[in-house]
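The values are calculated or read from the model by the stated rules, or taken from the named source; none is laboratory data. All values reported here derive from a predicted model rather than from experimental measurement. All Cβ positions, glycine included, derive from the backbone under ideal geometry; neighbour counts span all protein chains shown. These accessible areas exclude ligands, DNA and RNA; they are computed on the full protein's heavy atoms, side chains included. Shrake-Rupley method; radii C 1.70, N 1.55, O 1.52, S 1.80 Å.
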Amino acid sequence: MAPRPLIAGNWKMNGLLASEQELQKLIGGVAASDGSQREVLVCPPFTLLQAFAKRAAGSAVGIGAQDCHPNLSGAHTGDISAQMIKDVGGTSIIVGHSERRTDHGESSDLVKQKAKAAQDEGLTAIICVGETEAERDAGQAWSVVSDQVSKSLPSGSTASNTVIAYEPVWAIGTGRTPTIDDIAAMHDDLRTAMVGHLGDDGNSVRLLYGGSMKPGNATEILAVTNVNGGLVGGASLKAEDFLAIISAAS
Ligand code: PEP
């Protein structure tokens, strides 16, 4: 059986306290729709994590974070640990987003440590992978992505504590997306790789597509075999758009 789809919103560095109203609209919309088919997650910036987790408590919307430090605590000025995220009600952590790999020079080895920190706290690690446009043009998309997966996946990963998000870097925030055939081919290869890493459990790992997913293309993308949901940036900021994507997964 295909894994239950997950639609996750990555708010990036957006949102102020007043954005709780947008979350409230989302919670109301999700409650009004048939939730049996999919899971919904919102990952706001750290400043909103506790308020959002409190607001979403008891609802069908989970709250997650966008990064964590590999350690539980200590002398790491400006960083936030998986334990802290769990403490305020977070259930999942995005790790290895391309903006962190690029802006902060994060290696797959560091991403693996962060994913492990999340898993050790009982949280779900959403591990992001994806090729640049130059890598795709050079025919290296799969070799780049498979290398990122191998190096970012901690031992002890399971279908319950791990989600893989395939996000072609050139599709993030650009309005461009790969063809449906290219998405299908990448997700089929990812499925095979996850079975190689985790055995039969790899069939149940959710494989999200991310990169300019919006209401207009979500139905087609989410219908692809081995696409088990989406990681949504810009279109997750407005409840109306995010709800349209969520209903495409239902
Ligand atoms: C993302 O940053 O995870 C993302 C998919 O962004 P967007 O949907 O805006 O392309």
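Listed values, structure above:
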{"item": "Sequence ranges 135-144, 148-157, 114-123, ranked by mean other-Cβ count within 10 angstrom, highest first", "result": "114-123, 148-157, 135-144"}
{"item": "Share of carbon and sulfur in the accessible heavy-atom surface of the chain [1.4 Å probe, %]", "result": "51 percent"}
{"item": "Residue list for the range 43-65, given a label point 7 angstrom along the Cα-to-Cβ vector of S36 and an amide N cut-off under 20 Å", "result": "59-61"}
{"item": "Rough spin-label spacing in nm, given labels placed 7 Å along Cα→Cβ, for D109 and T219", "result": "4.8 nm"}
{"item": "Lysine pairs with alpha-carbon atoms under 26 Å apart, the chain, spacing 8 or more or separate chains", "result": "26"}
{"item": "Solvent-accessible area per residue for the chain (1.4 angstrom probe, square angstrom)", "result": "44 Å²"}
{"item": "Residues in the range 225-250 reached by a label modelled at Q24 [backbone nitrogen below 19 Å; 7 Å Cα→Cβ]", "result": "237-243"}
{"item": "Sites N203 and T77, calculated FRET efficiency, Cβ-Cβ separation with R0 35 Å, nearest 0.05", "result": "0.25"}
{"item": "Ellipsoid semi-axes in whole angstrom, largest first, where each is sqrt(5λ) of the Cα gyration tensor of the range 32-157", "result": "27, 19, 13"}
{"item": "Spatial separation of Cα centroids for the range 105-157 and the range 159-200, in angstrom", "result": "11 Å"}
{"item": "Those residues of the range 1-39 whose amide nitrogen sits under 14 Å from the label point placed on A60, 7 Å along Cα→Cβ", "result": "5-7, 26-39"}
